[in-house]
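Peer 1: Quick one: structure below, then a few questions.
Every number here is computed from the coordinates shown, using simple stated rules; none is lab data. Computed from a predicted structure; not experimentally measured. Cβ placement follows ideal geometry from the backbone for every residue including glycine, while neighbour counts extend to all protein chains displayed.
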Amino acid sequence: MPHQRRTNLTSVPIIYTSQEQIEVYRFSVPVTILVPLVALFFQVFFPRQLPFFSIFELPLLIVIFFAVARRSQIAGLLTGGIVGLLQDALAGQHIGMFGIAKTVVGYGASSLGVKLDVENAAARFLVTLFFYVVHEIVYFSVARGLVGLTLKWSWQHELGSAFANAILAVPLFMLLDRFKQRT
Amino acid sequence: MENLLSRYRNVSILVAVLFAQVLGLAVQVRRSTENESSRLIRVWAVGAVSPLEKVIIWVKGGTSGVWHNYVYLRGVRQENRELRDQIERLRLEQVRMREDAEQARRLQALLGFKEQFISRTVAAQVIGSSGSDQVRSFYIDRGTDDGIKGDMPVITADGIVGKVLRVFGGTSQILLVNDQSSGAGVILEKSRLQGVLRGTADGGVILDKVMSDEQVQPGERVLTSGGDRIFPKGLNVGTVTDVAKGKDSFLKVRVKLAVNLSKLEEVLVITQQEERVPEVTETQPARAADILAQRLPSVPDKPVVDPKTQAAAADVAAKPNASPAVQPAPRKAPDQTPAATAPAEGAQRKPVSSPGTNPSIVPAVAPPPTQKPDTAKPDQAPEAPADAAPAEDKPH
């Protein structure tokens with residue numbers, strides 16, 4: 001009987017970490033395509049209507065959400081890379097600046113999702129706060145080191161933006177939880 | 001080796017994806033022009049987003065138009081009265097300005113100066129932004145189908161906005177003047193110092209390449225110089241707010257833009273400019289010395305009035321349509337001469353479309369009319385065309 005139980009559990013993609021059970025979710029194809037596109041649309045449309053909206057990084061939040069929920073490093077980095085490249089295309093800058101930053105964040109968030117339970121609101125707040133800063137550091141490094149832009153780094157601005165995005169992430173992730181499908 | 005790759009499969013894929021992007025980035029930085037692959041992804045991304053933006057802007061404009069034009073009309077009568085009064089005041093001012101402009105054109109024609117005229121503009125609505133704090137650009141609802149091309153200047157009634165960065169079928173991306181990669185040739189109105197207007201990291205603009213031994217006063221107006229071959233000469237840019245010593249023996253001059261770039265809804269794209277010698281309608285040519293003398297403060301105010309001229313002026317005064325309140329044009333110092341009257345006037349024309357309606361192609365913004373008012377014909381007073389006092393002001 002114990003032998004039979006072990007066989008059943010290893011046949012589904014459930015990972016045990018610190019004796020806790022962490023579930024892996026998947027999403028339907030329309031949700032996988034449409035949610036990032038809607039986030040990109042909001043990102044370019046709303047700052048003209050509501051200037052304060054430019055502080056938010058909706059595509060980044062979407063990348064973190066999908067990466068943490070899927071808990072697959074490859075899916076996370078690919079999602080981050082594609083969303084980042086599309087954001088580069090819309091921003092009008094060199095293709096790859098957001099792409100590299102979001103690839104790193106997608107990989108990192110999914111790696112963290114494998115090891116920790118990041119389903120509760122406090123954990124989501126902290127994860128978003130952390131990965132926003134990581135995203136900005138990678139982006140600024142690429143912009144300065146590779147492209148040669150002279151961007152001004154301001155800790156005050158970056159931390160303020162990180163907190164704003166982390167606060168937005170909590171209700172947004174709760175909304176996106178409705179699209180989750182158990183594997 | 002195979003075992004190692006399978007063990008570190010995820011990290012290997014991460015490194016490969018990052019390497020591919022870094023390589024692509026390096027290729028783009030190396031090439032000055034955009035290659036086809038990067039252009040394709042932009043076309044797809046913009047093509048996916050811009051139709052939805054246009055629809056939302058159209059619905060929003062329609063709703064706002066119905067509300068403001070048919071429902072919310074409070075204070076419209078009062079505003080109408082005030083605007084009528086303002087039109088009357090501006091008409092009088094226009095007569096005086098026309099005199100000055102005419103005089104400047106005569107002088108430029110004599111000296112063989114060529115002016116840049118804005119001959120065609122396209123009005124466009126702002127539909128979206130870059131979505132990033134680091135890239136200051138926005139999208140408009142006009143593209144190659146409307147005759148838009150790269151590097152065309154974009155302005156509003158208040159001043160310059162930026163230039164066309166990329167053009168798609170029905171959409172264009174505009175690079176704002178406060179972006180860090182942007183630059184425009186400008187000139188200070190009074191001191192006539194030239195410099196380069198550049199965007200800063202915090203979204204402001206500075207005037208670069210002004211030597212530290214020059215005198216720049218806060219509050220001085222900044223105009224386009226025409227040296228960048230993008231913006232026509234004489235367009236309003238903004239005012240100097242702060243002057244400080246910078247690096248490399250240059251001043252750091254901060255400029256406040258005349259246009260509020262965060263609240264733009266409609267803009268004008270200058271699609272055609274032409275350079276020509278201004279037209280002069282004078283039948284009798286005036287001597288350059290006479291025209292220059294009017295600008296010099298040392299010359300006495302009133303020249304000796306010829307009896308014939310006085311008689312002609314009296315005839316003019318007898319005309320019923322003569323403007324009763326025309327004042328003589330004030331004498332100006334040479335350095336107060338406008339750099340280019342026609343482009344500035346052209347730029348200050350608002351788009352013909354009202355908010356909420358679909359903007360259309362604006363016909364040529366023609367230079368000011370060359371016909372002079374009846375009260376000061378140059379052939380009647382060739383010695384002092386601009387200062388020829390109207391007959392109403394003279395004792396009969």
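Peer 1: Using modelled amide H (1.01 Å from N, peptide plane; none on Pro or chain starts), what sits under 5 Å from the amide H of residue B:184, excluding residues fewer than 5 places away?
Peer 2: It is B:197, by chain and number.
Peer 1: Sticking to Cα atoms, compute the Rg of the range B:186-241 to one decimal and its Dmax as the biggest Cα-Cα distance, whole number, in Å.
Peer 2: Expressed in Å, the Cα Rg and Dmax of the range B:186-241 come to 10.8, 29.
Peer 1: Would you mind putting B:123-134, B:16-27 in packing order, based on average other-beta-carbon counts within 10 Å, highest first?
Peer 2: Descending mean neighbour count gives B:123-134, B:16-27.
Peer 1: Given the alpha-carbon gyration tensor of the range A:110-183, what are the semi-axes of its equivalent ellipsoid in whole angstrom, ordered largest first, with each equal to the square root of 5 times an eigenvalue?
Peer 2: Result for the range A:110-183: semi-axes of 28, 15, 11 Å.
Peer 1: Specify the inter-centroid distance of the range A:145-165 and the range B:249-265, based on alpha-carbon positions, in whole Å.
Peer 2: When both Cα centres are located, 22 Å separates them.
Peer 1: Quote the relative contact order of the range A:109-178 in percent (integer), defining contacts as alpha-carbon pairs under 8 Å separated by 6+ residues.
Peer 2: It comes to 40 percent, rounded to a whole number.
Peer 1: What does the structure give for B:18-24 when I average, per residue, the other chain Cβ atoms found within 10 Å of the residue Cβ?
Peer 2: 6
Peer 1: Sort the following peptides by mean Cβ neighbour count (other Cβ atoms within 10 Å, averaged over residues), highest first: A:167-176, B:173-182.
Peer 2: Final packing ranking: B:173-182, A:167-176.
Peer 1: Another question, if that's okay. For the range A:115-166, which chymotrypsin sites (Phe, Trp or Tyr not before Pro) pass both filters: DSSP loop (anything but H, G, I, E, B) and at most 12 other C-beta atoms within 10 Å?
Peer 2: A:153
Peer 1: Which order do peptides A:48-58, B:83-93, B:219-229, A:24-34 fall in by mean Cβ count within 10 Å, highest first? Before the final figure, lay out each step's value.
Peer 2: Numbers: A:48-58: 17.5, B:83-93: 10.7, B:219-229: 19.0, A:24-34: 13.2.
Put in order of decreasing packing, that is B:219-229, A:48-58, A:24-34, B:83-93.
Peer 1: Here is a further query. Please report, for the Cα atoms of the range A:21-83, the Rg to one decimal and the Dmax as a whole number; what are they, in angstrom?
Peer 2: 13.1, 44
Peer 1: Using a Debye calculation, one point per C-alpha and no hydration shell, please list log10 I(q)/I(0) for the range B:161-269 at q = 0.13, 0.17 Å⁻¹ in order.
Peer 2: The Debye formula, applied to the Cα set alone, gives -0.46, -0.77.
Peer 1: Quantify how strongly other chains surround peptide B:137-144 by giving the mean number of their Cβ atoms within 10 Å of each of its Cβ atoms.
Peer 2: Mean partner shielding for this stretch: 2.
Peer 1: Over the Cα atoms of the range B:39-136, what is the Rg over Rh ratio if Rh follows Kirkwood? Write out the running numbers ahead of the final one.
Peer 2: Numbers: Rg = 22.8 Å, Rh = 19.4 Å.
Across the range B:39-136, the Cα-based Rg/Rh ratio is 1.17.
Peer 1: Considering all alpha-carbon pairs of the range B:63-191, what whole percent are spaced by more than 18 angstrom?
Peer 2: Details: 5962 of 8256 pairs.
Percent of Cα pairs beyond 18 Å in the range B:63-191: 72.
Peer 1: Just checking the output field for A:47-58: average partner chain Cβ neighbours within 10 Å of each residue's Cβ?
Peer 2: For peptide A:47-58, the averaged partner shielding equals 4.
Peer 1: Using all C-alpha to C-alpha distances in the range A:30-145, build P(r) with 10 Å bins and read off the rounded percent in each one.
Peer 2: 15, 47, 33, 5, 0
Peer 1: Given a cut-off of under 8 Å on Cα pairs at least six residues apart, what relative contact order in percent is computed for chain A?
Peer 2: 23
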